[in-house]
Amino acid sequence: MEHNGALDSLLQEERVFRPLPQLVIEANVNPQEYDAAVRNGNDDYLSYWEDAARELDWFRKWNQVLDDSNPPFYRWFPGAKCNIVYNALDRHITTANKNKLALIWEGETGDTQKFTYYELYRAVNRFANALRSLGIKKGDRVVIYMSPLPETIIAMLAVAKIGAVHCMVFAGFSAKALRERINDAQAKLVITADGFYRNGRPINLKKVIDEAVEGCDSVDTVVVVHRANVQVEMNEPRDLWYEALVRQESPECPTEVMDANDMLFLLYSSGTTGKPKGIVHGHGGYMVGVHRSLNWVFDIKPTDIFCCTADVGWITGHSYVVYGPLMAGTTTVLYEGHPLYPQADRMWDVIAKYGVTIFYTAPTLIRMLMRFGTQYPKMHDLSTLRLLGSVGEPINPEAWVWFYKNIGRSECPIIDTWWQTETGSFIICPFPISLLKPGSVFKPLPGIEADVVDEQGNPVPPGKGGQLILKRPWPSMLLGLYKDPERYKEAYWSQVPGAYLAGDVARKDEDGYIWIQGRSDDVLNIAGHRIGTAELESALVAHRAVAEAAVIGVPDSIKGEVAKAFVILNEDYNDPEDPDELLKQLKDHIRRELGPVAVVKSIEIREKLPKTRSGKIMRRILKAEEMGEDVGDTSTLEND
Ligand code: 6R9
């Protein structure tokens, strides 16, 4: 089991932070209710989740809460009919929420757009009608490769409204990674923008799409949103401008009636092999998990303004920028650009300008902003904030306490939420009323049963590291991996019989608090983004100079972790004239293959790599050497 040395310091944290009495009095879930929910969730978790499901609108009720006849393919609310978009938009139109702000968008260039629920509903309907007229039907896959724009959200909701399946691809991925996803999903239609602004510069997205779509037989149409006025080539009849397409469409559109377990979206995530996993979520269970978790954990009130800094291309954006806030009828704030542009107070400016009450972000951003000291937060009135959140990787206590003191005035609880693309919604996290220990993700939510176990699946004693598992199904769990049921069983359900293996190393302390230490598999967590070592390695060996490659994660003070690569060069490239130039080429090559998310700090040329006798590269040894640690047992290593 590999763990991140830098994070061990988390275990020494002993401070406890209490919520303000006022917050406890006003909380949606007070301490007695919380205890009762934990009890109900344990005694009868099916009726606990059934209660949660009743808070949403369904076209037809379920026959059963959970069908567990074919594990691990658990199916929640079978027989029920619903559509998540009905809950996110349609149902608000007949209530006082109709004229409430659903979305505040701010471009990097300072322009803003605001949509009431009614306006967003109409915009979604127009695009949904356009998609239908382009021949998109229930079950068809639509890839969305876009920066954070209002149209990105409109596109997701329009696709889901007509029962098609959205597959978001983060705009930081390369053309090659995008093509791989389009092909795997067999997408018929791709939605993109001409470009977007990042760090003051327009970035051309359409160019990437053109390269990616070339040779993708499944794609008939590319819809392009105007954003950055960059020069684009429209390839007729394939490419269509969004604006021209929606102009003639009606702002009314019937919402497709879906089975609870029909596919809502497909989202690719890195796994231990080179091929990304297509994680599949459905309408019914997903909406129940997301809705309950947001309302309870972030204590949503009618007056809240909710800002989550995650990109819509990641699961956090899906659940807590788009679906969760809209189902809750709250206002979601979406910022387009770089958090340091034009200077390091941009996020604080956004909070002050819109009166953000809940700010949900990632440790990597907190650490980045911390570097600039307190002068920037002090320039703005942050007094509207009442709750803060963190997600994506373990938060080091130093960043936690800085965030708490300087952004939260030592008054706003920090809700550190552990969950995954696979889990769909929060799994382990505190409530605003909880006693907090910086660096710990607290305890499983009511209705969830988690544990930390050893290799044999036995619970480990407090303080000892082990694998994090979930012991019963939960509504927002993935339906499976796209077109790969065997891999789903193998990757998540084979190691500990009957339990879901999260792939994280964790510890529990004496009080039952859980401390996440990092991934246990060969997946890196770079600034909260999951990147497989196998993906990096296969990108490297695809370069003609590289014979073999091994990649490990090394701690980084801002990004949490970055990649370090070790390569053996091909004969012809041994003794390169200019090794620095070659290493630069390799780094550029990785960027081209995988995109800028895959940050490689350094590449080292080696004559040999440590291997087991069966020929598997021992990354553990490279990592220990790199960290200056004892390399441990090397008896299974290949002989010289
Ligand atoms: C939501 C999201 C999932 C992996 C997960 C774990 C890490 C997420 C965390 C955390 C410590 C937290 N992770 N939240 N580690 N504390 N609060 O990030 O999904 O992109 O699928 O990543 O991220 O390692 O297994 P995803």
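The table for this structure:
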{"item": "Any chance V333 is more than 27 Å from P446 (Cα to Cα), more than 16 Å from the ligand (Cβ to nearest atom) and surrounded by 24 or more Cβ atoms within 10 Å (Cβ to Cβ)", "result": "yes"}
{"item": "Residue in segment 86-96 that is under 30 Å from P485 (Cβ atoms) and out of contact with any helix residue (DSSP H, G or I) (no Cβ under 6 Å at 6 or more places or on another chain) present", "result": "yes"}
{"item": "Wholly within segment 237-302, strands (runs of 3 or more DSSP E) carrying at least 2 residues that are polar (S, T, N, Q)", "result": "none"}
{"item": "Selection status of E119, crowded, with 20+ Cβ neighbours inside 10 Å and over 28 Å from L479 (Cα atoms)", "result": "no"}
{"item": "Residue identified as modelled with pLDDT under 95 and within 16 Å of the ligand (Cβ to nearest atom) among T309, T364, T316", "result": "T364"}
{"item": "Odd one out for F403, checked against (1) assigned to a loop (DSSP other than H, G, I, E, B); (2) in contact with a Leu (Cβ under 7 Å, 6 or more places away or on another chain); (3) away from the ligand (no atom under 11 Å from the Cβ)", "result": "(1)"}
{"item": "Number of the condition not met by A212 [criteria: (1) closer than 30 Å to E26 by Cα; (2) surrounded by 22 or more Cβ atoms within 10 Å (Cβ to Cβ)]", "result": "(1)"}
{"item": "Tabulated pairs, segment 379-396, first more than 16 Å from the ligand (Cβ to nearest atom), second of a type in the set (A, V, I, L, M, F, W, C) and part of a loop (DSSP other than H, G, I, E, B), C-beta under 6 angstrom, 6+ apart or interchain", "result": "L385/C412; R386/C412"}
{"item": "Residues (assigned to a helix (DSSP H, G or I) and surrounded by fewer than 20 Cβ atoms within 10 Å (Cβ to Cβ)) located in segment 355-369", "result": "M368"}
{"item": "Sole residue being of a type outside the set (D, E), in contact with a Gly (Cβ under 6 Å, 6 or more places away or on another chain), more than 27 Å from W418 (Cα to Cα) and outside any loop (DSSP other than H, G, I, E, B), chosen from S602, S538", "result": "S538"}
{"item": "Wholly within segment 410-525, strands (runs of 3 or more DSSP E) carrying at least 3 residues that are within 14 Å of the ligand (Cβ to nearest atom)", "result": "414-416, 466-470, 500-508, 514-519"}
{"item": "Long-range neighbours under 8 Å by Cβ, at least six apart or interchain, first residue under 30 Å from P397 (Cβ atoms) within segment 533-557, second acidic (D, E)", "result": "T533/D522; V551/E537; I552/E626; G553/E561; V554/E561; V554/E626; P555/E561"}
{"item": "Pairs, first touching a residue at least 40 places away in the same chain (Cβ under 8 Å) and under 16 Å from G424 (Cβ atoms) in segment 479-502, second in a helix (DSSP H, G or I) and charged (D, E, K, R), C-beta under 6 Å, six or more apart", "result": "L481/R487"}
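The values are calculated or read from the model by the stated rules, or taken from the named source; none is laboratory data. Values in this document were obtained by computation on a predicted structure and should not be read as measured data. With ideal geometry, Cβ positions are generated from the backbone for all residues, glycine too; neighbour counts draw on all protein chains shown.
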